[in-house]
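Everything below concerns the one structure shown next.
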Ligand SMILES: Nc1ncnc2c1ncn2[C@@H]1O[C@H](COP(=O)(O)OP(=O)(O)OP(=O)(O)O)[C@@H](O)[C@H]1O
Ligand SMILES: [Mg+2]
């Protein structure tokens, strides 16, 4: 399978949101983004940007769906925001009806995706955030499959603008 990678350092929460917004504009129906990183790494912050790029008007409605497991936002494409923090198995994920969503026509954003890799489609983008300092995060974006490598090529373009 074709794979691609882009890495950069975000210097602030706003920069992470801004990057997310530009990524969100590139997404199409059915796209899946897996978000990985420790508590407070910036997964939800990045989601705030992505949903703005998808045309969701109010980024303040975006919260980690730690207890609800999934939030749904209305953008130019429906956005499904999962939080697998409390899930222990792929079965837990499929029990909440993830298949219909992940293999459907919305955009899926999955926090703590590393808990449920087996429930994800074969092709997706994985974004790993790691804390460097209070305001700096390393952001590693891996694309799996032709379609997502195409998105990564465009991300490389916007990163060097
Ligand atoms: N460069 C940065 N990028 C993203 N967030 C940052 C950055 N610098 C500081 N922050 C702060 O780090 C925190 C990240 O919190 P956020 O809720 O996005 O993390 P999370 O990974 O979703 O955590 P959780 O696993 O608890 O849901 C926010 O308070 C944000 O303002
Ligand atoms: Mg979160």
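Structure above, values below:
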{"item": "Unmet requirement for residue 99, which otherwise passes all of (1) in a helix (DSSP H, G or I); (2) more than 15 Å from the chain's Cα centre (by Cα); (3) under 15 Å from residue 26 (Cβ atoms)", "result": "(3)"}
{"item": "Matching residues, region 33-64, being modelled with pLDDT of 95 or more, under 21 Å from residue 84 (Cα atoms) and touching a helix residue (DSSP H, G or I) at 6+ places or on another chain (Cβ under 6 Å)", "result": "34, 35, 36, 37, 42, 45, 46, 48, 49, 50"}
{"item": "Any hit, region 69-89, residues being more than 16 Å from ligand 1 (Cβ to nearest atom), assigned to a helix (DSSP H, G or I) and at pLDDT below 95", "result": "no"}
{"item": "Exclusive hit being surrounded by fewer than 19 Cβ atoms within 10 Å (Cβ to Cβ) and under 21 Å from residue 155 (Cα atoms), set 135, 130, 89", "result": "130"}
{"item": "Candidates 62, 56, 110, filtered to the one that is surrounded by 14 or more Cβ atoms within 10 Å (Cβ to Cβ), within 13 Å of ligand 2 (Cβ to nearest atom) and without any contact (Cβ under 8 Å) to a residue 24 or more places away in the chain", "result": "62"}
{"item": "Selection within region 13-53 - closer than 20 Å to residue 144 by Cβ and within 16 Å of ligand 2 (Cβ to nearest atom)", "result": "20, 33, 34, 35, 36, 37, 43, 46, 47, 50"}
{"item": "For residue 50: the one exception among (1) over 12 Å from the mean Cα position of the chain (by Cα); (2) crowded, with 19+ Cβ neighbours inside 10 Å", "result": "(1)"}
{"item": "Hey, residue 105 surrounded by fewer than 19 Cβ atoms within 10 Å (Cβ to Cβ), closer than 24 Å to residue 5 by Cβ and away from ligand 1 (no atom under 12 Å from the Cβ) or not", "result": "no"}
{"item": "Qualifying residue in region 5-15 (condition: under 15 Å from the mean Cα position of the chain (by Cα) and over 19 Å from residue 143 (Cβ atoms))", "result": "no"}
{"item": "Filtered residue count, region 7-21, keeping only those that are touching a helix residue (DSSP H, G or I) at 6+ places or on another chain (Cβ under 6 Å) and surrounded by 19 or more Cβ atoms within 10 Å (Cβ to Cβ)", "result": "4"}
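The values are calculated or read from the model by the stated rules, or taken from the named source; none is laboratory data. Remember, it's a predicted structure, so these values are computed and weren't measured experimentally. We place every Cβ from the backbone using ideal geometry, glycine too, and count neighbours over all the protein chains shown.
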